[in-house]
Each structure stands twice: as C-alpha cells, then as structure tokens.
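Visitor: I'd like to ask you about the structure that follows.
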Amino acid sequence: MEPKRPLFDMGKPIWWHHRGFKMKLRRSEIPSHTILIEGGAAMVLIAKGGHKSWLIDWRVTHYFPDIKVDGRTFMSNQELAGAFGLEDYISQDSEWLIERFGGSAAIQGKFIRWREYLNIPCPGTGHDGDPNVSIEIDHDIKKAVRDLLSAETALSIEPAREISERILEPVPA
C-alpha cells in the first residue's frame, strides 16, 4: 500500500497533537541501551524487551499530575524502525488505518506515522485529553533509534520493566 496524505489542520495531521513538537530525546541517568523521549505533558521509554522486541512505555499527563494515561506495548525491530521513520512499514492488517486516517506507516494498536509526525499507539483527535502520545521525530530521536536497533545489547525484559517502573513511578496523591 502506498502512503496517503492525512487531512491537515494548522500544518500538522489532524490526529497529531501540537505538543509533539516539544518531545525531545533526554539524556539522563537511564541505561545507555534505552531511549527516553519527554515533553511537558508526556514521555516515552523504549527498552529491549526480549529477542528482537522492544518494550514501549508511555505516559500522558492531562491537566493535573493525578489525571494521566499510562500505556505499554511491544514492537519488533521492523515495527520500531517503521514507527520512527527508518522505513515505511504498513502491516497488512493495518492498511485500513492508512486508508481512513492517512499516513506513511502504521500498525494497529502500536503506532501511526506521517513523515516525522508519530502517534503511539493510535491516531487521536489532535486535542487535549487523548490517550496517545504525539512525537515529532527529529534527527536526534531518529539517530538514537537507529543506534539502538544496531546495538548488540541484550537487555532482558525484567530489567526493562524495572527501568520503566522507576521512570513511570506513581504520582503522589
């Protein structure tokens, strides 16, 4: 299937939230074989999740720290490459997403992307309150994902969960 241009509003796909422009690669005290992408109201953590798979955790905070959405999915090497623009990958089961919402890559329940505009795990309304994370894939993010995929790191899923739980620690009530 060929990519399909989505409907646009204010210079971005209608399903993509403008806060995605604020999502940046963060270099912090997380292990070198993980990626942390953060913005003012959202974060995404990518860590090795097993043989040829990646654990993707995200959090979106709405309005107040205690109103939030957390999510988790797994992606294969090919799916992660497709999500972050290293290749245009559309699974056969997800062609309907591209037909309906437009995009250059998509996997139902994992991501939809048009060029550098990425949503995990699905298209949204483009407004506050959506359960998905929007990311503008810049050079630094794309390079970090490329480096992660080419690394020979073999982090097991248990350490990945520990990293995720530390970064996504519960918000105090």
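Every number in this text was worked out from the coordinates using simple rules, so none of it is lab data. Remember, predicted model here, so these are calculated numbers, not experimental data. Here the Cβ positions follow ideal geometry from the backbone for every residue, glycine too, while neighbour counts run over all protein chains shown.
Visitor: Over the chain, calculate the relative contact order: mean separation of alpha carbon pairs under 8 Å at least 6 apart, over the residue count, as a percent.
Guide: Details: 351 pairs, mean separation 44.5, N = 173.
It comes to 26 percent, rounded to a whole number.
Visitor: Could you give the dipole magnitude of the chain about its Cα centre, charging the beta-carbon of Lys and Arg +1 and that of Asp and Glu -1, in debye to the nearest 20?
Guide: On the way: 22 positive and 25 negative charges, 52 e Å.
Its charge dipole is roughly 240 debye.
Visitor: Counting only helical runs of four or more DSSP H residues, what would the 222 nm mean residue ellipticity of the chain come to if each run contributes -39,500 (n - 2.57) and the total is spread over all its residues?
Guide: On the way: 4 runs with 37 residues, N = 173.
Roughly -6000 deg cm²/dmol at 222 nm, from the helical runs in the chain.
Visitor: On the principal axes of its Cα set, how long, how wide and how thick is segment 1-68? Give whole Å, largest value first.
Guide: On the principal axes, segment 1-68 reaches 39, 38, 21 Å in Cα extent.
Visitor: As a footprinting exposure proxy, order Ser32, Ser104 by other Cβ within 10 Å, with the fewest listed first.
Guide: Values: Ser32 10, Ser104 22.
Sorted ascending by nearby Cβ count, the order is Ser32, Ser104.
Visitor: Moving on. Mind sorting Trp54, Trp16 by how few other Cβ atoms lie within 10 Å of their own Cβ, fewest first? Write down the numbers at each step before the final one.
Guide: Details: Trp54 24, Trp16 28.
Ordered by Cβ neighbours within 10 Å, fewest first: Trp54, Trp16.
Visitor: Turning to a different aspect of this structure: Hey, rough spin-label estimate for His51 and Ile14, points 7 angstrom out along Cα→Cβ, what's it come to in nanometres?
Guide: 4.5 nm
Visitor: Which shape class, rounded, prolate or oblate, goes with segment 34-117 when its Cα gyration tensor gives a ≥ b ≥ c as root eigenvalues, a/c under 1.5 marks rounded, and past that a/b bigger than b/c marks prolate? If you can, show how the numbers build up before the last one.
Guide: On the way: a/c = 2.04, a/b = 1.35, b/c = 1.51.
Oblate is the answer for segment 34-117, as a/c is 1.5 or above yet b/c matches or exceeds a/b.
Visitor: At a 10 Å Cβ-Cβ cut-off, how would you order Tyr117, Tyr63, fewest neighbours first? The partial results should precede the final answer.
Guide: On the way: Tyr117 23, Tyr63 10.
If I rank by nearby Cβ atoms, fewest first, I get Tyr63, Tyr117.
Visitor: Let me ask something else. Which shape class, rounded, prolate or oblate, goes with the chain when its Cα gyration tensor gives a ≥ b ≥ c as root eigenvalues, a/c under 1.5 marks rounded, and past that a/b bigger than b/c marks prolate? Walk me through the numbers on the way to the answer.
Guide: Details: a/c = 1.75, a/b = 1.17, b/c = 1.50.
Because a/c hits 1.5 or more and a/b fails to exceed b/c, the chain counts as oblate.
Visitor: Further, regarding this structure: Which of Ile14, Gln92, Ser76 sits closest to the plus end of the dipole of segment 1-97, meaning its Cα is farthest towards the positive end, when Lys and Arg get +1 and Asp and Glu get -1 on the C-beta?
Guide: After comparing all options, I get Ile14.
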